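No value in this document is a laboratory result; all are computed from the given coordinates. This one's a predicted model, so the numbers in the text were calculated from it and none came from an experiment. Cβ: placed from backbone, ideal geometry, glycine included. Neighbour counts: every protein chain shown.
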Amino acid sequence: MKILIVGGYGSFGGRIIELLENEPRLTLIVAGRSLARADAYCKNRDRAVARVVPALFDRDGDIVEQLSPLRPDILIDASGPFQAYGEGRYRLIEACIDQGVNYLDLADGSDFVAGVSAFNEAARTAGLFVLSGVSSFPVLTAAAVRRLSLGMARVDSIRGGIAPSPFAGVGENVIRAISGYAGQPVKLVRNGRSALGHPFTEQTRYTIAPPGRLPLRNKLFSLVDVPDLRALSELWPEAKTIWMGAGPVPEVLHRALIGLAWLVRARTVRSLSPLASLMQLATNRLRWGEHRGGMFVEVAGSDQTGVAATRSWHLLAEGNDGPLIPSMAVEALVRKALDGHEAPPGARAAVHDLELEDYEALFASKTIYTGFRNEPVDLDTPLYAALLGDAWLSLPDEIRAMHDGTTTAEGRARVERGGSILGRLTAWMVGFPKPCADIPVRVRFEPGKGGETWTRTFGTHSFSSRQCAGRDRSQQLLCERFGPLTFAMALVAEDGRLTLALRHWSIGVCRCRCGCARARHPTKPWKTAGFASMLRFHIASLESSSVIAAGSNLRRAPARSHRLPPWRVRGSPEPCTGSSLHPSRQRPRAQGAAAAPSWVYRSTSRPAAPSLPAVPCRRPSP
């Protein structure tokens, strides 16, 4: 099968080739205005199994004359920006129908995708499929909404967003598209009626958090012009509001774009298009943060009993796998065509042609994770179960039992304190125990009022903390409060372990990330403030795992060092069958990501060690 990719050596075209080059049944024609660039690109695909060949192709020239000698089975338009095609924007589609070539594009403009249906009759007569918007917006969002709305009696609103990694690399045509529509009016559905929105002047915040995975940090999303604004309203006409956004980072650049978009909306400037080159330079040079991306789709409505329900689908992509997702719809359709399952003839937005199962099969070979969340959560659901969702069931029985009712764990500990003024002050405020080489420890876990209370007793000295579900910027996080200190942690369930990864902490109402590991680009190491040990508890043996205490002493840490969290709890060196607390193990992470501060619950047994005398374990008691 021959595939002609217009813009094949660009950002999106190159990713399509990367996804399809392992298929020996394909001939991939890399086409563009520069034959030299196309040829250079093909020579670099030395690992390709498919045949990769260059071709000269100018979509503004005589398309029929250029198509005739190539005779592709499918033409993929990955060039753009589709918002700027102007008159004759559908010349490529017309030529494909005339030459008997199937057509796909990655159009992200709502007007362009909506207009493709005008060619439906001609495409059906020719027995060809002409599919537009074959990308995350709207194909993946439509598939997610279909899954989320199963069993719902009514869909009232749909919203979603994509949060790319700052290191994903943004192509010139994407920047040109954004600069062209930022602040300009676009049609959408709001409060049950047709309305106008202005991209990048409407915002919301959201935390992308697949259950049991380390979530993205809470992101600022802005309205964008994507085909979903119209396509989803046709699929779910009862939906009163449809909103789609993007959350580019760093946030400081995002906010600068918001300010410029408001100038366009206020008609102070006509367009941001003259700034496209500057915007691309800033986007690809000024980048920091986690090398991870994500996406969410949320559906609100009511279930079959009439009770209000909100369901959300979360996607998390680590490292360089995230930028591949927009091109995966093309990959799925091409592979299905190779297997004899071509899309039905006709010209349309591709919102009906793929399901979530098609994507999930492709995600399985990547570091891409998805999951679902439902709201509201039953008031009787344990705190950890509510935050973990389906991942709760993957945990060992010992860990689930510890958070499902009042339980007690006992063991022995060694307590160490730091000598800094901040450390001593924090220990005094919270009521941490004094240093001790060997002391009995008892931890009581008591659920109630939407959270858990943990009471730690070292010898005769006791102190407690309160855990609850986070809100606002701590959404989907576990917040634990020690007096004036609050620590927000992500619950990560993996390989039978429960890891509590610190995301940020605060004193009173002040929120801080000091001491939290931050992902960085691998070629640009840098230093950040880290936590040293202020108070350390070495647990000699503890039947049920527990985080015992918190505290910090700020210092400068090497960029590549493993920074421990404020809770520094050492694992049991004594034999203990059951659920014992162990230090965080080095886990695979995204390229360029710093070691995340965390502590781990796991169900295991440990060999004896001579540091402390063996102490028999006591099982959790109700």
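Label the range 158-208 by shape, choosing from rounded, prolate and oblate, from the square roots a ≥ b ≥ c of the eigenvalues of the Cα gyration tensor; if a/c is under 1.5 it is rounded, and otherwise prolate applies when a/b is larger than b/c, oblate when it is not. Because a/c hits 1.5 or more and a/b fails to exceed b/c, the range 158-208 counts as oblate. Pairs from the table (LYS219/LYS240; LYS240/LYS366; LYS240/LYS449; LYS219/LYS366; LYS336/LYS366) lying more than 27 angstrom apart at Cα are LYS240/LYS366; LYS240/LYS449. For the range 1-102, applying the loop criterion from DSSP together with a ceiling of 13 other beta carbons within 10 Å to the GluC sites (Glu not before Pro) yields GLU87. Restriction of the trypsin sites (Lys or Arg not before Pro) in the range 438-482 to DSSP coil positions whose beta-carbon has at most 13 other beta-carbons within 10 angstrom yields LYS449, ARG471. Averaging Cα coordinates gives a centre for the range 389-444 and one for the range 272-303; these two points are 40 Å apart.
In terms of surrounding Cβ atoms within a 10 Å radius of their Cβ, ILE368, ILE208 rank from fewest to most as ILE368, ILE208.
In plain terms, the residue of TYR181, TYR85 with the fewest other Cβ atoms within 10 Å comes first and the most crowded comes last, giving TYR85, TYR181.
When both the range 123-193 and the range 1-39 are represented by their alpha-carbon centers, they are found 24 Å apart.
By the count of neighbouring beta-carbon atoms within 10 Å, fewest first, TYR206, TYR90 end up ordered TYR90, TYR206.
When only DSSP loop residues count, what trypsin sites (Lys or Arg not before Pro) in the range 27-124 have their Cβ near at most 14 other Cβ atoms within 10 Å? Sites meeting the loop and neighbour criteria: ARG47.
Backbone N atoms of the range 86-104 closer than 17 Å to the 7 Å Cα→Cβ label point of ASP58 belong to residues 91-92. Gain on full extension, evaluated as 0.36 nm per residue between ARG267 and ALA118 minus their Cα-Cα distance, stands at 50.3 nm.
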